[in-house]
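All remarks here apply to the structure that follows.
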Amino acid sequence: MSDVEALKAEIKKLSARAMNAKMNLHDLSEELPIGWETILDIAQKAHDAFAILEAKRAELKAAEAAA
């Protein structure tokens with residue numbers, strides 16, 4: 001498997017994690033004020049998931065440009 005293919009596979013998994021984190025944040029927002037004390041934790045997890053995803057997308061773009 002090439003580096004580009006490996007990055008694409010990893011991005012697919014990271015995208016799924018990011019979407020799951022987004023849905024957790026969405027679900028929390030719909031249930032507020034119940035669970036308000038978990039806002040920061042859930043938001044941080046969503047932020048981290050999307051930050052990692054964007055970094056991998058940039059890495060893929062650079063790898064594709066180099067190929």
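For the range 1-54, the Kirkwood radius over C-alpha pairs fed into Stokes-Einstein at 4 °C and 1.567 mPa s yields D = 108 µm² per second. Selection among 21, 50, 65 by position relative to the dipole of the chain gives 65 as farthest towards the positive end (Cβ unit charges, Cα centre). Remark: the chain carries a charge dipole of roughly 260 debye about the Cα centre, counting +1 on each Lys and Arg Cβ and -1 on each Asp and Glu Cβ. Angle of helix 3-31 to the longest C-alpha principal axis of the chain, folded into 0 to 90 degrees and rounded to 10: 10°. The packing ranking, built from the mean of other Cβ atoms within 10 Å per residue, places the peptides 43-50, 27-34, 56-63 in the order 43-50, 56-63, 27-34, highest first.
Here is how the number arises for the chain: DSSP H runs of 4 or more residues each give -39500 (n - 2.57), the sum is divided by the residue count, and the result at 222 nm is -30500 deg cm²/dmol. Straight Cα distances below 16 angstrom link residue 45 to the lysines 13, 22, with same-chain residues fewer than 8 positions distant left out.
For the chain, the longest principal axis of the C-alpha atoms and the axis of helix 39-66 are separated by about 10°. The aspartates and glutamates whose alpha-carbon is closer than 17 Å to the alpha-carbon of residue 61, local same-chain residues fewer than 8 away aside, are 3, 5, 10.
Here, each number is a calculation from the coordinates, and none is a lab measurement. Note that the coordinates shown come from a computational prediction; the quantities given were computed from them, not determined experimentally. Glycine also receives a Cβ, built like all others from the backbone with ideal geometry; neighbour counts cover every protein chain displayed.
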